[in-house]
1. Using the basic label-point model (7 angstrom from Cα toward the beta carbon), what is the Arg97 to Ser126 distance in nanometres?
2. With a cut-off of 8 Å between alpha carbons and a minimum separation of six or more residues, what is the relative contact order of region 27-136 in percent?
3. Based on other C-beta atoms within 10 Å, arrange Trp35, Trp47 from fewest to most.
Amino acid sequence: MHKMTRAALGMFLGLGLSGMVAAAEPPATGLGQAWPNATDVSASPNWHVYVFVLNGIKYVQVNDLNGNVIGAIGTAGGQFITLPVGQSHYVSTPQQRAARASAVRTMTPTTVYNDGSTVITATPQSSGTTALSVAAASTCSDPRNCGSLN
C-alpha cells in the first residue's frame, strides 16, 4: 500500500510539473487576432507584440494600440517569412523586401520586439501606414569590435 501511495504521488507531481512547463511555452493559436490570448511581449509601450510557436516555428505578430494587426512573421533557423495577415505588404525581412515602399518614414524606427535572435522595428510612414522591418539580432557582444578582424 505504501508503494502505491508513492507511485500515485510521483504521478501527480509529474503531471503538475508537465503542466507548468506547458504553461511556460507560447500558445500555438490566436495568430491574426486583434487581442489573442497570449502575453504581450512588446519592447515598446506603444505596440502590442505576441509570440506563437508551432512545430518549432516562431510566429511574431505586431498590433497597434487599438488591436489592429500591423503584420506578422514566421522565423526558424535564422530564416524569416512574411505572413499574410495585417498590412503584410509593409513588412520587410532579410529574405524579402516590403512590396510597398513608396511612402517616406516620418519618425525614427522603434524597436518593438527583440528576443536576442530576432529584432522587429516599426516605422510610421507619410502615408499613415507603419512599416515593419525584421532582422536577425546582432551576435556581437562588443559593438566597438564588430566587423574588425583584430
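Read the figures in this text as sums done on the coordinates, not as results from a lab. The structure presented is a predicted model; accordingly, all values stated were derived computationally and were not measured. FYI the Cβ positions are ideal-geometry reconstructions off the backbone, even for glycines, and counts take in every protein chain you see.
1. For Arg97 paired with Ser126, the spin-label model returns 1.8 nm.
2. Relative contact order, region 27-136: 18 percent.
3. Trp35, Trp47
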